[in-house]
Amino acid sequence: MNYRKCPKCDLNYITDDEELCVVCMPQIKVTSYAKTVETDFSHIIRGCVYGGNSRIIYEKFCGTLGWDKNKANQFGWQTPLYAANADTNKTNDVWFIFYPNYDAQRLDSVVDNYHVVNLIQNNGDTIIEVVDDNLGKSNNANRITFVKTNSGYEFFGVYKIVENGTTRRYQRISDNYPIKL
């Protein structure tokens, strides 16, 4: 049996099959669809649902993780759901995907009236983003990524861009934020 530090507190040890230590576990409530974080916004864990409103989620992380409050207007109804250099160190982008697509065969049906199409592959390890030609290249910052699910916005991970242009490919590099080296 292998032991590792709890990803939340980084103090207590847990087994490989445990997600959090017994001290941190009570702060998370499990729903029938996915895990929903009730009170703890001090870090972000893959697979947890942080709510249904991108702006409220972003603003909570502004308060707990020091994200750029001036970029909160990027999140909400009819907004990009994306802010460049918005995290604690102003080096990572924050991205909420409202229309996720998991089926490459359905890309044409998703494209209508949207400027961006996102294809999530390999159990979320890869995200392919196809954008209009006029949007062009993206910056090369890592993206802290939330994806809309039936339960709300679920944290999918931190992604690094590996292909840039009108077709962008992102690879997951971390299941947690902040990233612990």
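Near the amide H of Cys48, within less than 5 Å, lie the amide hydrogens of Phe155, all on another chain or at least 5 residues away, with H placed in the peptide plane.
Here the extension length gained between Asn53 and Asn150 equals 33.7 nm, from 0.36 nm per residue of separation less the Cα-Cα distance. Each peptide in 6-16, 56-66 receives the mean, over its residues, of other Cβ atoms within 10 Å, and ordering these scores from highest gives 56-66, 6-16. Taking Lys and Arg as +1 and Asp and Glu as -1, the other residues whose beta-carbon sits under 13 Å from that of Asn12 total 0.
Given R₀ = 30 Å, FRET efficiency for Asn89-Thr167 by Cβ-Cβ distance, to 0.05? Walk me through the numbers before you get to the answer.
On the way: r = 28 Å, r/R0 = 0.94.
Here the calculated transfer efficiency is 0.60.
Site pair Lys5 and Thr64 shows an inter-label distance of 1.9 nm when each label is modelled 7 Å from Cα along Cα→Cβ. Projecting label points 7 angstrom from Cα along Cα→Cβ for Asp103 and Thr126 puts them 2.0 nm apart.
Since every read-out is calculated from the coordinates, none of them should be taken as a lab result. Please read all numbers here as calculations on a predicted model, not as lab measurements. FYI the Cβ positions are ideal-geometry reconstructions off the backbone, even for glycines, and counts take in every protein chain you see.
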